[in-house]
Amino acid sequence: MKEYQIIILGGGASGSMCALSCSQKSIAIIDNNNKIAKKLLATGNGRCNITNKNISSKFYNRDIDHYYSRFDNEKTLDFFEKIGLVCYCDEDGRFYPLSNTAKSVTSVIENGLQKKGVDLFLEEKVLSIEKEGNGYKITTDKDCYVCNKIVLAMGKIDNEIIKNLDLKSSPLMPSLVGLKGDVSRGLANIKVKNVLVRAYLNTGACKQDKGEVLFKENGLSGIVIFNVSTIFSRYKQFNGKLVINLLPDFGVKDLYKMLKERTKLDVPIPKFFDGLFASAIGYEILTRSKIDENKNSLDLTKEEILKLCDIIQNLDFKVKGYLDNAQVVSGGFDLNDFDENLQSKRNPNLYICGEICDVDGECGGYNLQWAWTSGFIVGQSL
Ligand SMILES: Cc1cc2nc3c(=O)[nH]c(=O)nc-3n(C[C@H](O)[C@H](O)[C@H](O)COP(=O)(O)OP(=O)(O)OC[C@H]3O[C@@H](n4cnc5c(N)ncnc54)[C@H](O)[C@@H]3O)c2cc1C
């Protein structure tokens, strides 16, 4: 049995920040991975989009501005700079390490934890937590621990682990996730840039975003799809449709004019979109239009051109579920059951931080910013 003042369960982004910002001496982190903050290596396509220039509640499922008034993106960047990490901001307002590798982030975290003398118990899985006096007893697959204060930073709630505690959580759903849909085979692996995507629930609720979409064999992916997927996660139903406007910068009249002009190309219909769209996209539009492929572009009627305009600006796909690459979990512990320092109101000396909270944000550094902010607030209050 090992004894600590503070034990943090989960050495991801939030758990590490919690330990780094805590002034206490007796701290341990238990994590089932073989490295601290290992998941960070996969973030931001290996570059770790650490935060964003524009942080506010409008990018999340709930109001968390009062936490950001205590520790925001600028304070996060200052914090990391002090432990050696230099970052830059790209043209979209996303911050990355100057090295463009997430390894730089995990390295400074590792160095910081080592310098602080935080004990790390890696490759060790937490199995259960029980109250013991005013503190807690933790059982792992290797050992037992007791502590005065415990921090849950495991990213995702495991009901088996918390069953002896007085904690309630909302159902977990994947969020920032690719969507399963009826994508025709020819579109697989095609990328379209600068498109507008609108996601509709069957109830009519809608969310839209603009950017890049990647068609997959069984669905759609890419940052824009991740962002609009949050509407399905929030309403806890992955049924509805996606409507893609392939040329959102064109009004209908301008698009009609442009296509009418293209009819003068004097080409067989299958070649009508050559030079405008990737051939798989052109084929998809023409197939949906059911225009006779033996025709020449010169013979396209006004109705047919209008039909093509409509398909180009309203390319729709049924949503039938989600793919298995979720970046975050939506749902978790309701912040209303925790005080302003994220301490449980019903379980004194128990704190939460990071994704385990019912807080989820859009792509762009928002989820890591919540991990840093909540980790810092808990760390400072321990
Ligand atoms: C592919 C991918 C890319 C992403 N890119 C970005 C990005 O660029 N920017 C951004 O803001 N967000 C990004 N995210 C989201 C971001 O990574 C998370 O929001 C963030 O890591 C949450 O931090 P956390 O500390 O709460 O949880 P985690 O980072 O998940 O850490 C939890 C830790 O707890 C450990 N653990 C869990 N259960 C147990 C147990 N029973 N016993 C012991 N240890 C346990 C886990 O091994 C893990 O190390 C991305 C996510 C993914 C999957």
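The values are calculated or read from the model by the stated rules, or taken from the named source; none is laboratory data. Keep in mind that this is a model prediction, so the values were computed, not measured. Virtual Cβ from ideal backbone geometry, glycine too; neighbours counted across all protein chains shown.
Cβ-Cβ distances below 8 Å connect the following pairs, each with a first residue in region 106-132 that is farther than 17 Å from Cys147 by Cα, a second residue that is among the aromatic types (Phe, Trp, Tyr) and within 16 Å of the ligand (Cβ to nearest atom), and a separation of six or more residues or different chains: Val108/Phe80.
When Asn111, Asn45, Asn134, Asn33 are checked against the criterion of being under 24 Å from Cys22 (Cβ atoms), at pLDDT below 95 and surrounded by fewer than 16 Cβ atoms within 10 Å (Cβ to Cβ), a single residue qualifies: Asn134. Of all residues in region 192-242, those satisfying the criterion of being among the aliphatic types (A, V, I, L, M) and touching a Phe, Trp or Tyr at 6+ places or on another chain (Cβ under 9 Å) are Val192, Ala199, Leu201, Ala205, Leu220, Ile231, Leu242.
Within region 81-89, the presence of at least one residue that is in contact with a helix residue (DSSP H, G or I) (Cβ under 7 Å, 6 or more places away or on another chain) and either in a strand (DSSP E or B) or outside the structural domain of Asn347 (by TED's automatic domain parsing) (or both) is confirmed. Each residue in region 147-181 was checked for being in contact (Cβ under 8 Å) with a residue 40 or more places away in the chain and under 29 Å from Gly364 (Cβ atoms), and 20 of them qualify. Considering only residues that are surrounded by fewer than 20 Cβ atoms within 10 Å (Cβ to Cβ) and at pLDDT 95 or above, look in region 2-30 and name the one that is nearest to the ligand (Cβ to nearest atom). For region 2-30, the residue satisfying everything is Lys2.
Scanning region 306-335 for residues that are of a type in the set (D, E, K, R) and either touching a His at 6+ places or on another chain (Cβ under 9 Å) or within 12 Å of the ligand (Cβ to nearest atom) (or both) returns a single hit, Asp324. When region 99-136 is filtered for residues that are in contact with a helix residue (DSSP H, G or I) (Cβ under 8 Å, 6 or more places away or on another chain), among the aliphatic types (A, V, I, L, M) and farther than 17 Å from Ser14 by Cα, nothing remains. Entry remark, region 90-131: residues being in a loop (DSSP other than H, G, I, E, B), more than 11 Å from the ligand (Cβ to nearest atom) and out of contact with any Phe, Trp or Tyr (no Cβ under 6 Å at 6 or more places or on another chain) number 9 in total.
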